[in-house]
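*Asks:* Take this structure first; my questions come after.
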Amino acid sequence: MKRRLLTGNGAAAWGARLANVDYVPAFPITPQTEIIETLGSWIDSKEMAGRMVTLESEHSMVTAAGAAAATGVRVFTATSSQGLLYAMEMLYTVAGWRAPFVMVNVSRGLSAPITLEPDHNDILAARDSGFLQIHAATCQEVLDSVLMAYRLSEDARVRLPVIVNLDGFYLSFTREPVEVPKEDKVLSFLPPFDPENIRFRASTPISQAVAVLGGGPYSYFRYETHLAALNALSVFDEISVEFGRFFGRSFDAVEAYRTEDAEFVFVMMGSFATKAKEATDRLREAGWLVGLVRPKLFRPFPKEHFLKLLKGKKGIAVIDQNISMGKGGVLYTELASVLYGSLDDGPVMASFIGGLGGRDISSEEFFEIAKVIRRAAEEGKAPPPRLLYTEEELREMRKLQVIANAERNQAGKRVGKKDE
Amino acid sequence: MEGYIEIRWHGRAQQGVVTAAKLLGETGLFEGKYVQAFPEFGPERMGAPVKAYNRLSDEQIKMHCQVTAPSVVLIVDPTLIGMDLAGGMETSGGVTEGALEDGIFIVNTPHAPSEMRKKLELLPTQKVFTVDAAHISIDTIGRLLPNTPMLGALTKVTGIIEFDSLISNFKDNYSKKFSEKILNGNVDAMKRGFEEVKGE
């Protein structure tokens, strides 16, 4: 199979193209725009069938995506960061409709202060919406995830929208060799959407909207959505086996790297986990028994996979590329809730926050994290959470503040003179 | 790791830095190597400082992150020398930041390598090469696009890719995109970059 040099955005677009999507409602935002530009150019040159419509906002875009999916066609859309938040009202709504479609989110830190680079506070804001979430760490995984996501989303036992997440810059603009599978093979793995009873014909109009409900019926529909999301756990595992058979690459819900004999384990999501992978190799060379566990599936939360992989470990360092203000790392909190009471003699857990707004996490920092978790395991006591920041960064920050203050004073003087 | 190389490009928006990194990545892939090519820039605007990175390896590349300890630095725009490129989303430091002790610098300038060594304040163990990529591009392509002569120079100095692969990949992938004149102009630019790059 020929490998092409593709960006993460290009890989996402290829996923949509190979899935033969019928409809692409779109709205641009950095660092996602390349996805819809690529799809637009293919549709324009007739290399790809399907219809693209640009909407006036992400809110309308997600509404259009959900409404189209509710008529039984295959829908793809993409957004990022502020765009995802702008659409948030409709994220909950279309998931409640049980509209199956795939949306790519290219992670980018949230405002304020504003940034273009990635962290996961955007995607995690959609955590409770009813959208399922797959997190990619390589450009190949981006393409594979989109195909997996359609199978998962359209499965009659699930019928929920799925977000495929990739990190801005580190994947979206990074070119890597990607195997683009053959169309006929994809067609066998992912046949056209069979909507069964989901359909809409203009000649026979029906209403799918639900009237205002009281607590009883309301709870029924909310529980149904939750149970469908939980169904997705076993459905994902089934599809993942099939995926391996078709394409010769595995796509497990949780990736485990060098964990079998590991005493200490890093837990991370997304492309920054590839740094932990590299650090794992360096630490192993230095005699440390460490490994990495990375959930690709985040919603539903793959509890059993984690328990199996983390059983018998001495310590776990969860490195969150997000921050829940007033609480801390989201993945840490979720994992702690899974491990608590589930494992006898469970491992000590430590929480680290890093990589916000694309901040690098250096190899040295992984060494430091390993030391912290080893000490914690020896003492049998969880250490306080840490916000990763170096002395050098703090010095640079202080320098910027001094400059900003000097400029502000200078500006104040100029304004003062004018007034006199 | 043997056969593993990390490269950093410095230039300004519209100078073709991102495309150069892409071309290098494609050429590596053409030769069957594992590759990465990626840019780093702030809000899009003409003339803003841009960095781009490459990794080339005989083994699979795991990491997805900036190159912080490059073995080769290409300075496509010499006016960036001496500037602190911090601010916005970039990490602190200038064009020499983090370069390996035996790192290689290739500068787009008509000046001699020894002058650039002084200007860059390089370590005695670091090597410096110069090529007048700006003038080559004006001669061959008819406009200021120093990226392809720099690729020719990089090929000569490091040997990480074969010159023939550079040309073949370029002709294969871009003959549809560019007119024959532009295509041949760029091929000439690569050749001249390869031939005219100077060491100390």
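The values are calculated or read from the model by the stated rules, or taken from the named source; none is laboratory data. None of these values were measured; they are calculated from a predicted model. Methodologically, a virtual Cβ is constructed for each residue, glycine included, from the backbone with ideal geometry; neighbour enumeration extends over all protein chains shown.
*Asks:* Need at least 1 residues that are touching a Pro at 6+ places or on another chain (Cβ under 9 Å) and surrounded by 24 or more Cβ atoms within 10 Å (Cβ to Cβ) per element, so show me which helices (runs of 4 or more DSSP H) inside the range A:99-196 make the cut, counting only ones lying wholly within it.
*Replies:* Hits in the range A:99-196: A:139-154.
*Asks:* Also: Within the range B:1-30, how many residues are under 18 Å from B:Thr68 (Cα atoms) and of a type in the set (D, E, K, R)?
*Replies:* 2
*Asks:* Related question: Going residue by residue through the range A:119-137, is there one that turns out to be free of Cβ contacts under 8 Å to residues at least 40 places away in the same chain and farther than 21 Å from A:Thr225 by Cα?
*Replies:* No, because not a single residue in the range A:119-137 is free of Cβ contacts under 8 Å to residues at least 40 places away in the same chain and farther than 21 Å from A:Thr225 by Cα.
*Asks:* Okay, moving on. Is there any pair linking a residue in the range A:358-382 that is closer than 14 Å to A:Glu278 by Cα and of a type in the set (Ser, Thr, Tyr) to one that is crowded, with 19+ Cβ neighbours inside 10 Å and modelled with pLDDT of 90 or more, with Cβ under 8 Å and at least six apart or on different chains, and which?
*Replies:* What qualifies is A:Ser363/A:Lys275; A:Ser363/A:Ala279.
*Asks:* Next question, about the same structure. Which condition number does A:Pro100 fail, the rest of (1) more than 20 Å from the chain's Cα centre (by Cα); (2) over 29 Å from B:Lys22 (Cα atoms) being met?
*Replies:* It is condition (1) that A:Pro100 fails.
*Asks:* When you look at A:Val265, is it away from chain B (no Cβ under 13 Å), farther than 20 Å from A:Glu179 by Cα, at pLDDT 95 or above and over 18 Å from the mean Cα position of the chain (by Cα), yes or no?
*Replies:* yes
*Asks:* I've got another one for you. Restricting to helices (runs of 4 or more DSSP H) lying wholly in the range B:85-200: which have 1 or more residues that are more than 16 Å from the chain's Cα centre (by Cα) and over 24 Å from B:Val50 (Cα atoms)?
*Replies:* B:113-120, B:133-140, B:163-174, B:180-196
*Asks:* For the range A:324-373, give me each residue that is in a loop (DSSP other than H, G, I, E, B) and within 14 Å of chain B (Cβ to nearest Cβ).
*Replies:* A:Gly354, A:Gly355, A:Arg359, A:Asp360, A:Ile361, A:Ser362
*Asks:* Of A:Lys303, A:Lys275, A:Lys296, A:Lys314, which residue is out of contact with any Pro (no Cβ under 7 Å at 6 or more places or on another chain) and surrounded by fewer than 19 Cβ atoms within 10 Å (Cβ to Cβ)?
*Replies:* Going through A:Lys303, A:Lys275, A:Lys296, A:Lys314 in turn, the sole match is A:Lys303.
*Asks:* State whether one or more residues within the range B:103-124 are crowded, with 21+ Cβ neighbours inside 10 Å, among the small types (Gly, Ala, Ser) and more than 14 Å from chain A (Cβ to nearest Cβ).
*Replies:* The answer is yes, given that some residue of the range B:103-124 is crowded, with 21+ Cβ neighbours inside 10 Å, among the small types (Gly, Ala, Ser) and more than 14 Å from chain A (Cβ to nearest Cβ).
Residue-by-condition table, conditions (1) within 14 Å of chain B (Cβ to nearest Cβ); (2) over 21 Å from the mean Cα position of the chain (by Cα); (3) part of a helix (DSSP H, G or I); (4) surrounded by 24 or more Cβ atoms within 10 Å (Cβ to Cβ):
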site: A:Pro28; (1), (2), (3), (4): yes, no, no, no
site: A:Ser41; (1), (2), (3), (4): yes, yes, yes, no
site: A:Glu47; (1), (2), (3), (4): yes, yes, no, no
site: A:Met52; (1), (2), (3), (4): no, yes, no, no
site: A:Glu56; (1), (2), (3), (4): no, yes, no, no
site: A:Ala65; (1), (2), (3), (4): no, no, yes, yes
site: A:Ala78; (1), (2), (3), (4): no, no, no, yes
